[in-house]
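Single-structure report; data block below.
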Amino acid sequence: MNLRRLKYFVKIVDVGSLTQAADLLHIAQPALSQQLATLEGEVRQQLLVRTKRGVTPTEAGKVLYRHAQLILRQCEQARVDMEAAGRGLSGAVSVGLAPGTAAAALALPLIRTVRARHPGILLYLNETYGTTLSELIMNGRMDLAVLYGGKISVHGLSFLPLLKEPLFVVGPNSMPSPPDQVPLRMLGEMDLYLARPYNVVRRMVDEAFAAAGMVPRVVGEIESASTLKAVIADGLGATILPASMAAEVVASCDAWQCRIIEPVIEAPLALCQSDHLPLSEPAQAVKEILLELVTGLPHSLLAGEHHAAS
């Protein structure tokens, strides 16, 4: 297999059409079909199935597509690293930051520090849900991500614990405020707006309630931070959030926050990366900056430690 044929194959799968892929690659369709046939001959497998709507990969094609993406990405990174040798670090680095977490506070300092130290690095920040971020890293499409989780090992990923955020109940001032620290058992009758059950924080809340022989009274499931703030501001109910997000909601509207105790519930934030794809030199530099910034956050697990790039 040569790299050019792999590149052609990935483009065909991406667009789902030989004709469109040929146009995008600026080659004749018969020539592209011949390259595909040669590739299928080399691997002794049918890679694509032609349908009325275009082409779709076979099971063997899906496997090759995943590997081809990683191979092409590593080759491109090798080229970038060689060009960067002997001069300042340069190249693209992608970092995912899970919304509604302490990771959001890292965005601006990260941009500032990377620009000051490594102006040649093009930093791409993606704020989306942790499950999406981990999939992007697993597929080789993102370098690093800061997200909740890491307690359970996931094939293809490694997690470095960064901090543990205590959970708070947050409610509007139109609702009676519990004490500054509230036992979980006092929340059983409270109308709650929480994330969907697959969300890490929601799972922790459900597990804590279940361990106490209770079920949270969930009256709505909301993933949007702005909608959640609006619901609290409107006095429709309360929510349970990590410390950073709780403080943000309270600052945005007429609301209170109380730390949950008995038991204390802590959401683990971790740095996620591939466990088999090496980081590029620019990504290593950004990782080191991330670890430095986390050291200064409340509840950090890295305080006082020196972390060498690895």
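The values are calculated or read from the model by the stated rules, or taken from the named source; none is laboratory data. Computed from a prediction, not measured in an experiment: that's the story for all the values here. Methodologically, a virtual Cβ is constructed for each residue, glycine included, from the backbone with ideal geometry; neighbour enumeration extends over all protein chains shown.
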Qualifying strands (runs of 3 or more DSSP E) (wholly inside the range 143-187; at least 1 residues being among the charged types (D, E, K, R)): 157-172
Meets criteria (farther than 30 Å from L72 by Cβ and part of a strand (DSSP E or B)) for R259: yes
Residues satisfying the stated conditions in the range 98-138, i.e. among the aliphatic types (A, V, I, L, M), assigned to a helix (DSSP H, G or I) and closer than 16 Å to L269 by Cβ: A102, A103, A104, A105, L106, A107, L110, L133, I137
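Quick one: how many residues across the range 192-202 are over 18 Å from T128 (Cα atoms) and modelled with pLDDT under 95?
Qualifying residue count, the range 192-202: 0.
Let's see how each residue does on (1) surrounded by 14 or more Cβ atoms within 10 Å (Cβ to Cβ); (2) modelled with pLDDT of 90 or more; (3) at positive phi; (4) not charged (D, E, K, R):
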residue	(1), (2), (3), (4)
L110	yes, yes, no, yes
I121	yes, yes, no, yes
E127	yes, no, no, no
G130	yes, no, no, yes
S134	yes, no, no, yes
N139	yes, no, no, yes
G150	yes, no, yes, yes
F159	yes, yes, no, yes
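Any idea which of L302, L269, L236, L277 is part of a loop (DSSP other than H, G, I, E, B) and surrounded by 19 or more Cβ atoms within 10 Å (Cβ to Cβ)?
Details: L269 fails: part of a loop (DSSP other than H, G, I, E, B); L236 fails: surrounded by 19 or more Cβ atoms within 10 Å (Cβ to Cβ); L277 fails: surrounded by 19 or more Cβ atoms within 10 Å (Cβ to Cβ).
Exactly one residue qualifies, and that residue is L302.
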Pairs, first assigned by TED's automatic domain parsing to the domain that holds K62 and farther than 14 Å from L39 by Cα in the range 4-19, second modelled with pLDDT under 90 and not β-branched (V, I, T), C-beta under 7 Å, six or more apart: G16/G54; S17/G54
Single unsatisfied condition, R66 versus (1) modelled with pLDDT of 90 or more; (2) in contact with a helix residue (DSSP H, G or I) (Cβ under 8 Å, 6 or more places away or on another chain); (3) among the charged types (D, E, K, R): (2)
Where V80 falls short, out of the listed (1) at pLDDT 85 or above; (2) β-branched (V, I, T); (3) under 21 Å from L125 (Cα atoms): (1)
Filtered residues of the range 161-179 (kept if buried (at least 23 other Cβ atoms within 10 Å of the Cβ) and closer than 18 Å to L293 by Cβ): L162, L163, E165
Unmet criterion (only one of (1) loosely packed, with under 15 Cβ neighbours inside 10 Å; (2) within 25 Å of F159 (Cα to Cα)) for R53: (2)
Positions within the range 189-216 being surrounded by fewer than 14 Cβ atoms within 10 Å (Cβ to Cβ) and either assigned to a loop (DSSP other than H, G, I, E, B) or in contact with a helix residue (DSSP H, G or I) (Cβ under 8 Å, 6 or more places away or on another chain) (or both), in sequence order: E189, R196, P197, Y198, G213, V215
